[in-house]
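Visitor: Can you read through this structure? Questions will come right after.
Where a number appears in this text, it was derived from the coordinates with a stated rule and is not lab data. Since the structure is predicted, the reported quantities are computational estimates derived from the model, not experimental observations. Using ideal geometry, Cβ is built from the backbone for each residue, glycine included, and neighbour counts are taken over all protein chains shown.
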Amino acid sequence: MNMKHDKSHGKANGKDDSKGPVFNVHNIYVKDVSLESPNAPDVFNMQWEPKVDFDLQMNSNILSEAEHIYEVTLHLTVTVKLKEDKTAFLVDVKQAGIFTLQGFPEDVLQQVLGITCPTVIFPYARETVSSLIQRAGFPQLLLPAINFEAMYAHQQEESKGGGAAGGAGTGSQKIVV
């Protein structure tokens, strides 16, 4: 995906030396993955009434300042417990993406890192989690959609109020499914 804003309309010669914002997805990949089922095979004989705990953390860092290349990582931890607080499984996935982000004002760049990039990456992380769980022999679990814009706004409010949230592009959110 490559988005370029063309400012050449309205110029006498049709040329403009300034470039508009560039958003380019280079790669989406699994950085780390783990699945644990500490109570298998006993959990397969238990009644399936899962309590799902879902933790989501985001992080971004610059890979090349000269080329405006960033890595954004979503770290998802999903723990499912059954009756008597027995852990059925724990899935830990770090899904990342590499992006070129050029020509954005700093405040907009932080929004792209905290909203747009995670929105691109999350469906891949969601599928990775679902696939791992099914391959481990458990019923399908689809994680809920995430509103990264609302999450970013909440994080910004916390940081203004002296909360513990990190800067734009980093943060953690505990979600109960």
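Visitor: Take the alpha carbon gyration tensor of region 97-144, find the square roots of its eigenvalues, order them as a ≥ b ≥ c, and report rounded if a/c is under 1.5; if not, report prolate when a/b exceeds b/c, else oblate. Don't skip to the answer; put the middle values down first.
Guide: Details: a/c = 6.72, a/b = 3.42, b/c = 1.97.
Verdict is prolate for region 97-144.
Visitor: In terms of modelled amide H atoms, which long-range or inter-chain residues lie less than 5 Å from the amide H of F104?
Guide: V22
Visitor: Full extension from N24 to H154: what is 0.36 nm times the residue separation minus their Cα-Cα distance, to one decimal in nm?
Guide: Values: separation 130, 0.36 × 130 = 46.80 nm, distance 2.64 nm.
Difference between extended and current length: 44.2 nm.
Visitor: Further, regarding this structure: Once amide H atoms are placed 1.01 Å from N in the peptide plane, what residues at a sequence separation of 5 or more from A88, or on another chain, have their amide H within under 5 Å of its amide H?
Guide: Residues meeting the amide H criterion: V80, K81, L82.
Visitor: For region 12-85, which chymotrypsin sites (Phe, Trp or Tyr not before Pro) are both in a DSSP coil and crowded by at most 16 other Cβ atoms within 10 Å? The partial results should precede the final answer.
Guide: Working: sites: F23, Y29, F44, W48, F54, Y70; in loops: W48.
The qualifying sites are W48.
Visitor: Taking H placed 1.01 Å from N in the peptide plane, check which residues at least 5 places from N39 or on another chain put their amide H under 5 Å from its amide H.
Guide: Distant-sequence amide H within range of N39: zero hits.
Visitor: Between L35 and R135, what is 0.36 nm times their sequence separation minus the Cα-Cα distance? Round to one decimal in nm. Intermediate results must be reported in sequence, preceding the final value.
Guide: Working: separation 100, 0.36 × 100 = 36.00 nm, distance 1.02 nm.
Contour length minus Cα-Cα distance gives 35.0 nm.
Visitor: Oh, and also: Find, to one decimal place in angstroms, the Kirkwood hydrodynamic radius of region 48-115, where the mean of 1/r is taken over every pair of different Cα atoms and then inverted.
Guide: Values: mean 1/r = 0.0706 Å⁻¹.
About 14.2 Å, per the Kirkwood formula over Cα pairs.
Visitor: Starting at the first residue of region 121-134, write each ³J(HN,Hα) from the Karplus equation 6.51 cos²θ - 1.76 cosθ + 1.60 with θ = phi - 60°, in whole Hz, x for Gly and Pro.
Guide: 6, 4, x, 5, 5, 4, 5, 4, 4, 4, 5, 4, 4, 5
Visitor: To continue, here is another question. Across region 86-102, in residue order, what do the Karplus-derived ³J(HN,Hα) couplings come to in whole Hz, using 6.51 cos²θ - 1.76 cosθ + 1.60 with θ = phi - 60° and x for Gly and Pro?
Guide: Result, ordered by residue: 7, 6, 6, 7, 9, 10, 10, 10, 10, 9, 10, x, 10, 10, 9, 10, 10 Hz.
Visitor: While we're looking at this one, here's another question. Order by neighbour count: R135, R126, fewest other Cβ atoms within 10 Å first, most last. Mind showing how you got there, number by number?
Guide: Numbers: R135 9, R126 20.
In increasing order of surrounding Cβ atoms, one gets R135, R126.
Visitor: To continue, here is another question. Each residue of region 46-57 in order: what ³J(HN,Hα) in whole Hz does its phi give by Karplus 6.51 cos²θ - 1.76 cosθ + 1.60, θ = phi - 60°, with x for Gly and Pro?
Guide: 8, 5, 7, 10, x, 10, 9, 10, 10, 10, 10, 10
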